[in-house]
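Worksheet: the structure to be examined is printed underneath.
The values are calculated or read from the model by the stated rules, or taken from the named source; none is laboratory data. Because the structure is predicted, anything quoted here is derived from the model rather than measured. Note that we place each Cβ from the backbone using ideal geometry, even for glycine, and neighbour counts take in every protein chain shown.
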Amino acid sequence: MSFNLLKGKRGIITGALDENSIAWKVAEKAHEEGAVFVLSNAPIAMRMGEIKELAEKTKSEIIPADATSVEDLTNLFSQSQEVLGGKIDFVLHSIGMSVNIRKKIPYTELNYEYFMKGIDVSALSLHKMLSVAKKMDAINEYGSVVALTYMAAQRTYPFYTDMADIKAMLESITRSFGYHYGKDKKVRINTVSQSPTKTTAGTGINGFDDFYSFADSIAPLGNASAAACADYCITLFSDLTRMVTMQNLFHDGGYSSTGASAEAIAKFGAK
Ligand SMILES: NC(=O)c1ccc[n+]([C@@H]2O[C@H](COP(=O)([O-])OP(=O)(O)OC[C@H]3O[C@@H](n4cnc5c(N)ncnc54)[C@H](O)[C@@H]3O)[C@@H](O)[C@H]2O)c1
C-alpha cells in the first residue's frame, strides 16, 4: 500500500549491498512512496553487490562513494543534485563495518588500527556527510537525515565489541550536528535503533543467531524486520515528522523497554 508520503522528494540512500540490506528495503519503499533518489555504496561493494538490480527496479542512478572520503562525499552530493534536479530532501546513512568484529577480536584486546577504521567508516562518515552537505547547502529546509544504530550504544552486549562505542559516537554526532544544522538550516537528523536483523553486517557478529532468538523472545512484538524498519524510515523522511530531530528512536518491537518476558523467564524455571 502506498500513501505517496515522499512524492516530489529527492534523496540519497547509502548502504544497499544485497536484498537483505536495510537500505535495500528503504529504497524499495521510498520508490513506492513516490521519491526519486540516487543509490550509493563503497566502490568495492559495487563490484560485489547486486545494487544494479535495485537501481533498475527503482529507476535510480548509482553514484559510488567511500563514506570515509570527503572528496567522494562532495562528489556524491553535487552529482546527486544534478541528477535529481535540485536540493536533497532526505539521506539514509546505512553504513557499518568493524574489522575487530570481522576478525572476532575480543573487546578487551581490540586492535586500535581496526578500531580507528571502524570509527571512520561507521561514525565519522556521518559527520563528514553532514559537513559536506551543510557547506554545499545541499539539503532543503526540514530535510531529514536518518542513520541506523543499535542499542549497544546504551547497554552492554559483549559480542558487539567496538561497534558499541562506535554507535555511541554516531548517536552523539546526531545530537551535536542536529543542533547546528537545525539552527542554521532547519535540517533534521535522527538515528533509528533497530532490532537484530539478518543482513551481511548483522550476521557477521559472533553468536548472532542465538542473540536474534533471545531478542525475539524478549520483545513483546518480536524483532522488527528490515521491511518494518524501512517503513519507519519513510515516516522520518516525510513531512509528518517535521519537528522530530536529534533523537535516537528505538525500532525494536518494545525490546528496549522490557526487563524480562514471561517466555524468557520460563526457560530458567525450576524443573
Ligand atoms: N543488521 C542488524 O542487526 C542491525 C541492527 C541495528 C543497526 N544496524 C545498522 O544498519 C546499518 C546497515 O547495515 P545492514 O544490517 O543493512 O547490513 P549491510 O551489510 O547490508 O549494510 C552495511 C553497508 O555498509 C556499507 N559500507 C561499508 N563500508 C563502507 C564505506 N567505507 N563506504 C560506504 N559504504 C560502506 C556496505 O557496503 C554495506 O552496504 C549499519 O549501520 C548497521 O550497523 C544493523
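Confirm whether LYS52 is assigned to a helix (DSSP H, G or I) and out of contact with any strand residue (DSSP E or B) (no Cβ under 9 Å at 6 or more places or on another chain). Talk me through it step by step, then tell me what you get.
Working: assigned to a helix (DSSP H, G or I): yes; out of contact with any strand residue (DSSP E or B) (no Cβ under 9 Å at 6 or more places or on another chain): no.
When the stated conditions are applied, LYS52 does not pass them.
Could you tell me whether the stretch 202-222 includes any residue that is of a type in the set (S, T, N, Q), within 15 Å of the ligand (Cβ to nearest atom) and assigned to a loop (DSSP other than H, G, I, E, B)? Checked the stretch 202-222: at least one residue is of a type in the set (S, T, N, Q), within 15 Å of the ligand (Cβ to nearest atom) and assigned to a loop (DSSP other than H, G, I, E, B).
Taken residue by residue, the stretch 91-107 has at least one member that is free of Cβ contacts under 8 Å to residues at least 40 places away in the same chain, surrounded by fewer than 21 Cβ atoms within 10 Å (Cβ to Cβ), more than 15 Å from the ligand (Cβ to nearest atom) and farther than 20 Å from ALA27 by Cβ.
For the subset of the stretch 142-156 comprising residues that are of a type in the set (Val, Ile, Thr) and assigned to a strand (DSSP E or B), which member is nearest to the ligand (Cβ to nearest atom)? Steps first, answer last, please.
First, the residues of the stretch 142-156 that are of a type in the set (Val, Ile, Thr): 145-146, 149, 156.
Keeping just the survivors that are assigned to a strand (DSSP E or B) gives 145-146, 149.
Working: VAL145: 13, VAL146: 11, THR149: 6 Å.
Across the stretch 142-156, the extreme among qualifying residues is THR149.
Go through the stretch 56-89 and give me each residue that's in contact with a strand residue (DSSP E or B) (Cβ under 8 Å, 6 or more places away or on another chain), within 14 Å of the ligand (Cβ to nearest atom) and over 13 Å from LEU130 (Cα atoms). Across the stretch 56-89, the qualifying residues are ILE62, ILE63, PRO64, ALA65.
Considering only the stretch 26-33, I want to know if a residue exists there that is within 24 Å of ALA224 (Cα to Cα), part of a loop (DSSP other than H, G, I, E, B) and near the ligand (Cβ under 8 Å from one of its atoms). Write out each step before concluding.
Of the stretch 26-33, the ones within 24 Å of ALA224 (Cα to Cα) are 26-33.
After this cut, where a residue has to be part of a loop (DSSP other than H, G, I, E, B) as well, the list is 33.
Checking the rest, the ones that are also near the ligand (Cβ under 8 Å from one of its atoms) come to none.
So far as the stretch 26-33 goes, no, none of its residues is within 24 Å of ALA224 (Cα to Cα), part of a loop (DSSP other than H, G, I, E, B) and near the ligand (Cβ under 8 Å from one of its atoms).
Scanning the stretch 34-49 for residues that are within 19 Å of the chain's Cα centre (by Cα) and in a loop (DSSP other than H, G, I, E, B) turns up ALA35, ASN41, ALA42, GLY49.
I want to confirm something. Restricting to the stretch 62-86 and keeping residues that are among the small types (Gly, Ala, Ser) and part of a helix (DSSP H, G or I), which single residue is nearest to VAL38 (Cα to Cα)? It would help to see each step written out before you state the result.
Start the filter on the stretch 62-86 by keeping residues that are among the small types (Gly, Ala, Ser), which leaves 65, 67, 69, 78, 80, 85-86.
Then drop every residue that is not part of a helix (DSSP H, G or I), which leaves 78, 80.
On the way: SER78: 12, SER80: 6 Å.
Here the residue is SER80.
Looking at the structure I just gave you, is ASN190 assigned to a loop (DSSP other than H, G, I, E, B), touching a residue at least 24 places away in the same chain (Cβ under 8 Å) and not small (Gly, Ala, Ser)? Criteria not met by ASN190. Of all residues in the stretch 205-228, at least one satisfies being touching a Lys or Arg at 6+ places or on another chain (Cβ under 6 Å) and aliphatic (A, V, I, L, M). Within the stretch 132-141, if we keep just the residues that are more than 14 Å from the ligand (Cβ to nearest atom) and in contact (Cβ under 8 Å) with a residue 12 or more places away in the chain, the residue that is nearest to THR68 (Cα to Cα) turns out to be ALA133.
With respect to being more than 10 Å from the ligand (Cβ to nearest atom), over 12 Å from ILE22 (Cα atoms) and of a type outside the set (Ser, Thr, Tyr), ILE189 fits the description. Of all residues in the stretch 227-271, those being within 16 Å of SER195 (Cα to Cα) and aromatic (Phe, Trp, Tyr) number 3.
Would the stretch 165-179 turn up any residue that is β-branched (Val, Ile, Thr), over 27 Å from LYS103 (Cβ atoms) and outside any helix (DSSP H, G or I)? No - not one qualifying residue is present in the stretch 165-179.
Out of curiosity, is THR68 surrounded by fewer than 22 Cβ atoms within 10 Å (Cβ to Cβ), of a type in the set (Ser, Thr, Tyr) and within 24 Å of VAL192 (Cβ to Cβ)? Taking the combined requirement at face value, the residue satisfies it. Please identify the pairs in which a residue from the stretch 52-73 that is within 18 Å of GLY118 (Cβ to Cβ) has its Cβ atom under 7 Å from the Cβ atom of a residue that is modelled with pLDDT under 95 and surrounded by fewer than 20 Cβ atoms within 10 Å (Cβ to Cβ), counting only partners at least 6 apart or on another chain. Between residues of the stretch 52-73 that are within 18 Å of GLY118 (Cβ to Cβ) and residues that are modelled with pLDDT under 95 and surrounded by fewer than 20 Cβ atoms within 10 Å (Cβ to Cβ), the close pairs are ASP66/PRO43.
Here ALA123 fulfils each of the conditions (1) within 18 Å of GLU171 (Cα to Cα); (2) in contact with a strand residue (DSSP E or B) (Cβ under 7 Å, 6 or more places away or on another chain) apart from (2).
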